[in-house]
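The values are calculated or read from the model by the stated rules, or taken from the named source; none is laboratory data. Quick caveat, the model's predicted, so the values are computed rather than measured. Neighbour counts are summed over all protein chains in view; Cβ atoms, including those assigned to glycine, are modelled from backbone coordinates with ideal geometry.
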């Protein structure tokens, strides 16, 4: 599948840039990272990514304070533009969460992508199904 010019990756995508998973979606994350490094696609991240990323590295991967701090610094070294929440984005996320049965986090990513008119990239099949044409499943990026 052809990559869009610009996209919003969710946290699960960006975590895979640093910590590979052994699943079908990892090939998509690898292909996206290569394309991003080659300036073939621009990625913008929602500010929420930072806090979800911290949860992954501390609670799931079990990194201690020093390693977790290094992980966050490495996330910022990507130097991706950051979408900051505001009243409008939060309101859009709330409406999507209620309408589509999404978590507030997932709805925020979808609302961000829709606001910018670019696709959200995620390995989350439920989110991809709920978001319809506004979401690019990560697995399809490697195809």
Inspect region 67-84 for any residue being in a loop (DSSP other than H, G, I, E, B), more than 15 Å from residue 10 (Cα to Cα) and touching a residue at least 60 places away in the same chain (Cβ under 8 Å) and give the result as yes or no.
-> no
Count - residues of region 36-66 that are surrounded by 15 or more Cβ atoms within 10 Å (Cβ to Cβ), out of contact with any strand residue (DSSP E or B) (no Cβ under 7 Å at 6 or more places or on another chain) and assigned to a helix (DSSP H, G or I) = 9
When region 134-143 is examined, which residues are found to be assigned to a helix (DSSP H, G or I), at pLDDT below 95 and surrounded by fewer than 22 Cβ atoms within 10 Å (Cβ to Cβ)?
-> 139, 140
Of the conditions (1) in contact (Cβ under 8 Å) with a residue 12 or more places away in the chain; (2) on the phi > 0 side of the Ramachandran plot, the single one that residue 116 does not satisfy is (2)
Only one of (1) assigned to a loop (DSSP other than H, G, I, E, B); (2) under 22 Å from residue 135 (Cα atoms) fails for residue 27. Which number is that?
-> (1)
Among the candidates 32, 3, which residue alone is touching a residue at least 40 places away in the same chain (Cβ under 8 Å), part of a loop (DSSP other than H, G, I, E, B) and closer than 21 Å to residue 132 by Cα?
-> 3
Some residue of region 109-130 being exposed (fewer than 12 other Cβ atoms within 10 Å of the Cβ), out of contact with any helix residue (DSSP H, G or I) (no Cβ under 6 Å at 6 or more places or on another chain) and in a loop (DSSP other than H, G, I, E, B) = yes
Inside region 84-104, can you point out the residues that are in contact with a strand residue (DSSP E or B) (Cβ under 9 Å, 6 or more places away or on another chain) and buried (at least 18 other Cβ atoms within 10 Å of the Cβ)?
-> 89
